[in-house]
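Step one of this worksheet: look at the structure below.
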Amino acid sequence: MDVKKGNKLYEGKAKKIYATSDPDLVIQYFKDDATAMDGEKRGVIKGKGIYNNQISAHLFRFLESYHVPTHFVQTLSDREMLVKKVEIIPIEVVVRNVVAGSLAKRLGEEEGKELSEPIVEFYLKDDAQHDPMISEEEILERELATKEELDKIKRLALKINAVLKAFFERRKLRLVDFKLEFGRHNGEIVLADEISPDTCRFWDTETGERLDKDRFRRDMGNVVEAYKEVHKRVLGGPLV
């Protein structure tokens, strides 16, 4: 697809968004910058943007084969993907399969317990308020999404979880929990943002080794190696 890169529209913690010559499409650029603890911890994970771009592209294509609508169009370079321009719904959707992170703190339990059923949680995308948890009723009251949109988001989140959980199990990765973002494109709800070690917790099914951004958050070391290992298992080979 022949599109020309335009001006930068937005820059976040992990990505930049650029306009293109097609008003319906934008370019998503993956950075190496890393943040944690509401931006208090900052650093650079060398090559992270390349790994996340390629992992996300592969997983978007895979989900599309299961009729999950996404914003993905094609990969443009090692750090850039062409995506549909969407109106992001300001809600982070978290799907949990295992007790970990903030859920472990709330329940007062050790990390690692498998949940009997996946839990879907919603968080308001608001850095100033530290992305607080928000209920379905509050989402509807604030008119962030309609009831129909919210129902579809929940259905899609659980479908994505089922598809990806099986995908990662075959690659000896335990999908502990993950964050999704959705947007509106021509009136349709589509999966946006990325799916990567930045947004997912992955544990090796045999050793329990953490292969995700927790290695950066918790100063565990071997951060780049973890991203590289996930990339290898997802794509089945070296960087492409």
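The values are calculated or read from the model by the stated rules, or taken from the named source; none is laboratory data. Since the model is a prediction, treat every value here as computed from it, not as a measurement. Cβ atoms come from the backbone with ideal geometry, glycine included; neighbour counts cover every protein chain shown.
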With the first residue restricted to the range 33-44 and required to be modelled with pLDDT under 85 and among the β-branched types (Val, Ile, Thr), and the second required to be part of a strand (DSSP E or B) and surrounded by 11 or more Cβ atoms within 10 Å (Cβ to Cβ), Cβ contacts under 7 Å at 6 or more apart or on different chains are Thr35/Lys41; Thr35/Arg42
Going through the range 184-240 in order, the residues found to be at positive phi and surrounded by 16 or more Cβ atoms within 10 Å (Cβ to Cβ) are Asp193
Any chance you could count how many residues in the range 116-161 are loosely packed, with under 14 Cβ neighbours inside 10 Å and under 21 Å from Ser56 (Cα atoms)?
-> 1
Scanning the range 112-164 residue by residue, the ones that are in contact (Cβ under 8 Å) with a residue 40 or more places away in the chain and polar (S, T, N, Q) total 1
